[in-house]
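These notes concern the structure reproduced below.
The values are calculated or read from the model by the stated rules, or taken from the named source; none is laboratory data. Fair warning: this is a prediction, and the values are worked out from it, not measured in the lab. Glycine also receives a Cβ, built like all others from the backbone with ideal geometry; neighbour counts cover every protein chain displayed.
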Amino acid sequence: MVFSSLFFLYGFLPVCMLFYALAPGTRRKNAVLTVLSLFFYAWGEPVWVVLLLFSATADYICGRVIGKARRIGALRMAKAALAFSVTANLSLLGVFKYLDFFLENLGLLFRASPALPGLALPIGISFYTFQTLSYTIDVYRGKVDVQRSFLNFLLFVSLFPQLVAGPILRYSELEKQLRDRPFTWEGCAAGVTRFCCGLGKKVLLANTAGAVANGLLDGRLDALPAADAWLGILMYTAQIYFDFSGYSDMAIGLGRMFGFRYGENFRYPYFAASVGDFWRRWHISLGAFFRDYVYIPLGGRRKRVVLSLSVTWLLTGLWHGASWNFVLWGLYYLLWLSLERFVLRYIPPKAAKTAPMVYTFPAVALGWALFYFTDLGRLGEFFMSLFGLRGFAGTETLSLWAGRLPLLLICAAAASPLPKALAEKVLNNPVLRPPLSLCYNSLTLLLCTAYLAGQSYNPFLYFRF
């Protein structure tokens, strides 16, 4: 089930809100939300609920064992429980996400044709695996208390607003909120507005830009001129941002509707001042996970900087998919970040203020080409087109750009801080805020409903992760 579907908007969500609002007390609300979250996850493929329940149960038990072992000073027991948690979680992720990739490449290496299991990828496994791992690691480090209620822990793992696409939540962020949180209609209304903002991003902008991008990038690349190739990758650049940030906005809004407060996952990444700054603004929860659980433990800035960066970005690339293009994508950003850290830091101060802004957005857009094409042969053909080896313009290039330029300009404005600044200024008046929010939410919902009812193109890019 996806948020941007008519069944979710007019079926599941209203029923969910009704049962949640009627449930008395936080404990019963947690029970209702847990059952509904498991139903939400089971809607697509019920069998994978078993995997989620196993992961949650194993890490709940490991957390209890680690907590008890720390209290009695049995460090070996605590380390063993942590090792089991890490091994079990990464093994499940490895089998379902990477086994075919490993066997296929092993077969190429030894010139064999191994039988591939062809296991389907459970939706959201990369997200909830990292969440449960962060819990057991933080319990071992003494950063959070052990969660004694299995119901509350299962809710933390299965909470449907962010289960399938993040943000990746730390247990420390929700620890107090699982025990007690306010449910107010004012907060619910604010959550509805944030949800509608994300829904508009996803349906009206991401889907529209994605249809253009697919039309240009999925066809014959050997005849694609440079101008058309750049239009295609710019449209994909818009699609992936509005798709994922829109889903994050919807998740944050849904959380607010149930009394939860999540941290921001995007902060205007396309207006970053450098590639490093881009990654402090893009998918913030994932970057923070790799920073705290991989980069810093390996040495971080203090020592073994190159090793820390290399391992972190290799894993970041692989996290996004079991394909060589994602490995190249991770290495691509490793090169950029290494260049900024070890070379560009020595450029003159005046140039240092402006140079990163000039190259950052083009560098990110080129990176999305690595992300888009899983076929390395097509990737090579696309880069030949992108850099003019197939010609710079075709017979329809001018009309193509003229027809798509308004959408590009709208996407550029929507990706900037301008809409939020205008909204805050307009909604600063407490008298005008309710009617204006109602009008905005109603209009956005109406437009999205009309689009979803009339179009079959409604992908969600991050479901494959």
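Structural remarks
- Any chance G198 is touching an Asp or Glu at 6+ places or on another chain (Cβ under 6 Å), closer than 20 Å to L286 by Cα, in a helix (DSSP H, G or I) and at pLDDT 90 or above: yes
- Restricting E340, E381 to those that are modelled with pLDDT of 90 or more and among the charged types (D, E, K, R) reduces the list to E381.
- Residue in the range 288-307 that is part of a helix (DSSP H, G or I), in the same structural domain as A365 (by TED's automatic domain parsing), surrounded by 20 or more Cβ atoms within 10 Å (Cβ to Cβ) and touching a residue at least 40 places away in the same chain (Cβ under 8 Å) present: yes
- Within the range 91-124, tally of residues that are in contact with a Leu (Cβ under 9 Å, 6 or more places away or on another chain), small (G, A, S) and either surrounded by 15 or more Cβ atoms within 10 Å (Cβ to Cβ) or not in a loop (DSSP other than H, G, I, E, B) (or both): 2
- Selection of helices (runs of 4 or more DSSP H) fully inside the range 202-282 by the criterion of at least 1 residues being more than 21 Å from the chain's Cα centre (by Cα), buried (at least 24 other Cβ atoms within 10 Å of the Cβ) and without any contact (Cβ under 8 Å) to a residue 60 or more places away in the chain returns 226-257.
- Pair list, Cβ < 8 Å and 6+ apart or interchain, from the range 328-343 residues that are assigned to a helix (DSSP H, G or I) to residues that are buried (at least 16 other Cβ atoms within 10 Å of the Cβ) and of a type in the set (S, T, Y): G330/T316; Y333/T316; L334/S310; E340/S274
- For the range 148-169, the condition of being surrounded by fewer than 20 Cβ atoms within 10 Å (Cβ to Cβ) and not in a helix (DSSP H, G or I) holds for at least one residue.
- None of L36, L9 is in contact with a Cys (Cβ under 6 Å, 6 or more places away or on another chain) and surrounded by 17 or more Cβ atoms within 10 Å (Cβ to Cβ) except L36.
- Among residues of the range 158-186, those that are under 18 Å from the mean Cα position of the chain (by Cα) and basic (K, R), counted: 1
- Any hit, the range 150-160, residues being of a type outside the set (A, V, I, L, M), farther than 30 Å from G44 by Cα and free of Cβ contacts under 8 Å to residues at least 40 places away in the same chain: no
- Pairing residues of the range 392-420 that are assigned by TED's automatic domain parsing to the domain that holds W230 with residues that are surrounded by 15 or more Cβ atoms within 10 Å (Cβ to Cβ) and not in a helix (DSSP H, G or I), at Cβ distances under 7 Å and at least 6 apart in sequence or on separate chains, gives F392/P225; A393/P225; G394/P225; T397/P225; A415/Y268; S416/Y268; P417/Y268.
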